[in-house]
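The values are calculated or read from the model by the stated rules, or taken from the named source; none is laboratory data. This one's a predicted model, so the numbers in the text were calculated from it and none came from an experiment. Cβ sites come from the backbone with ideal geometry, for glycine too, and all protein chains shown count toward neighbours. In case anyone asks, the SASA skips ligands and DNA or RNA and just uses the protein heavy atoms, side chains included. Shrake-Rupley method; radii C 1.70, N 1.55, O 1.52, S 1.80 Å.
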Amino acid sequence: MQLHNFNSGPAILPKEVLDEAAAAIHNFNNTGLSILEIGHRTTHFVAVVEEAKTIVKRLMDIGDDYDVLFLQGGATMQFMQVPMNLLDENGMAAICDNGVWGNKAVKEAKIFGPVTVVSDSSDKKHTYLNKELNLPAGTSYLHITTNNTVEGTQWHSYPQVNVPLIGDMSSDIFCRPANFKQFDLIYAGAQKNMGAAGVTMVVLKKSLLGKVNRKIPAILDYQKHIEAGSLLNTPPVFAIYVSLLTLRWIEKEGGLLEMQKRNEQKANLLYQTIDEHPAFYCPIEKADRSIMNAVFFLTDPNKEESFLAVCKAQGMIGVKGYRTVGGIRVSMYNALPLSSVQAFCDLMKNFS
Ligand SMILES: *Cc1c(COP(=O)(O)O)cnc(C)c1O
């Protein structure tokens, strides 16, 4: 049976990335050594990090005022590393809380300084994005979750503000072109749209740093990582390599415009199928629907279990909604082929 991988993360990767990664486990770049066996300070691996940074900068169209870091601890660590480096008692973090991940960012930032929630969509169960942001005076930075992985909403244009903008792009990094220069710091756990679990990319403007009044442990200090070129300690070598392969794949396929074309085609097909079949409904405000993670429900909740059983029987992997939201969630990251969404829509029509 053919499997269709709609996992929300770790998630589907391009087949050729898997093939190349598998080959490199045995013989990396004709060194006769495994990628798992080479030193992280060898010219071989330094070249991997440098090429990955170069591709990221090219895709984002950013200059040398930014640096690209490959860190550990997941996006979850960024919930604390961002405020530890950028917020103190004299400042104010403005944070959009539009779901599970934004909410965690709020909780962690409060450990380091004052926080104002400037967008909260819990009044409608996070089925829309509240975009009326009133930033308090003295705001140090605004933090948004560009794609709410669990709830199925996505910012389709970013807020224009005159304070540093921070984006958690874990689940929609490189899904389409964007004005990345609008951001002062972007982070993304790699395991959703750009590689394997174990590495988190942080892209930041160097001028952002050095403004807080606190001692920062070296391993959590962005400045120290910049100075060490992402090699402060042993980085997650294999996960970085898989990200490099995925970044190369994005460029080879045609870059971010091509990713956008494919992702919109998949998302349009799925949302159209949901909207046309009364057996299903999507509560998310149309203008805010995510092209990465579609969250929807069966109109008759008693049918959910049998729908999930049919999905399972037909090789549809990972479509059960997040435990606190329920319903169905279909994740359609860059590597997911249109044919998988077509197969899922055919299943929906038949079930309906
Ligand atoms: C998955 C996810 C996270 C958490 O990522 P970890 O790497 O597991 O820490 C944070 N933010 C968003 C938007 C996510 O999708």
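Numbers below:
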{"read-out": "Partner aspartates and glutamates for LYS53 [C-alpha distance under 17 Å; skip if fewer than 8 residues away on the same chain]", "value": "ASP61, ASP64, ASP65, ASP67, ASP184, GLU227, GLU251"}
{"read-out": "Dipole moment magnitude, nearest 20 debye, segment 255-351 about Cα centre, only Lys, Arg, Asp, Glu C-beta charged", "value": "240 debye"}
{"read-out": "Solvent-accessible area per residue for segment 1-149 (1.4 angstrom probe, square angstrom)", "value": "46 Å²"}
{"read-out": "Two-decimal ratio, the chain, of alpha-carbon radius of gyration to 2.2 N^0.38 Å", "value": "1.01"}
{"read-out": "Span-like helix ranges in the chain, DSSP H, alpha carbon extent 15 angstrom or more, Kyte mean at least -0.5", "value": "15-26, 43-60, 74-86, 237-253, 338-351"}
{"read-out": "Beta bridges by DSSP in segment 153-241, antiparallel share as percent, to the nearest 5", "value": "60 percent"}
{"read-out": "Highest-fluctuation residue, ARG176, ARG41, ARG289 considered, GNM on the chain with Cα pairs under 10 Å", "value": "ARG41"}
{"read-out": "Global geometry of segment 177-227, whether rounded, prolate or oblate, following the gyration tensor of its Cα atoms and the 1.5 cut on a/c", "value": "oblate"}
{"read-out": "Span per principal axis, largest first, for the Cα atoms of segment 266-352 (Å)", "value": "30, 27, 26"}
{"read-out": "All aspartates and glutamates inside 14 Å of LYS215 as judged from Cα atoms, apart from same-chain residues fewer than 8 positions distant", "value": "ASP88, GLU89"}
{"read-out": "Across LYS104/LYS192; LYS131/LYS320; LYS181/LYS266; LYS181/LYS206; LYS125/LYS320, pairs whose alpha-carbon gap is larger than 20 Å", "value": "LYS131/LYS320; LYS181/LYS266"}
{"read-out": "Residue of LEU33, LEU59, LEU245 that the Gaussian network model of the chain assigns the largest fluctuation, springs spanning Cα pairs under 10 Å", "value": "LEU33"}
{"read-out": "Among beta bridges that DSSP assigns inside the chain, antiparallel share in %, nearest 5", "value": "55 percent"}
{"read-out": "Within straight-line cross-link reach of LYS252, aspartates and glutamates at Cα separation under 15 Å, skipping those fewer than 8 residues along the same chain", "value": "GLU16, GLU20, GLU51"}
{"read-out": "Segment 15-253, relative contact order in percent, only Cα pairs under 8 angstrom and at least six apart counted", "value": "25 percent"}
{"read-out": "Farthest toward positive dipole pole in the chain [+1 Lys/Arg, -1 Asp/Glu at C-beta], among LEU257, PRO177, MET332", "value": "MET332"}
{"read-out": "Of all accessible heavy-atom area on segment 255-351, the percent that carbon and sulfur account for (1.4 Å)", "value": "52 percent"}
{"read-out": "Given charges at Cβ of Lys, Arg, Asp, Glu: segment 255-351 dipole, positive-most of LEU298, ALA343, THR273", "value": "ALA343"}
{"read-out": "Total formal charge among the other residues, if their Cβ is under 15 angstrom from that of ASP221, Lys/Arg +1 and Asp/Glu -1", "value": "+2"}
{"read-out": "Mean-position separation - Cα centroids, segment 267-342 and segment 174-242, in angstrom", "value": "32 Å"}
{"read-out": "Percentage relative contact order, segment 10-146, counting C-alpha pairs under 8 Å, at least six apart", "value": "18 percent"}
{"read-out": "Largest to smallest principal axis extent of the C-alpha atoms in segment 152-304, angstrom", "value": "56, 35, 33"}
{"read-out": "Over the chain: helical MRE at 222 nm, DSSP H runs n ≥ 4 each giving -39500 (n - 2.57), nearest 500", "value": "-11000 deg cm²/dmol"}
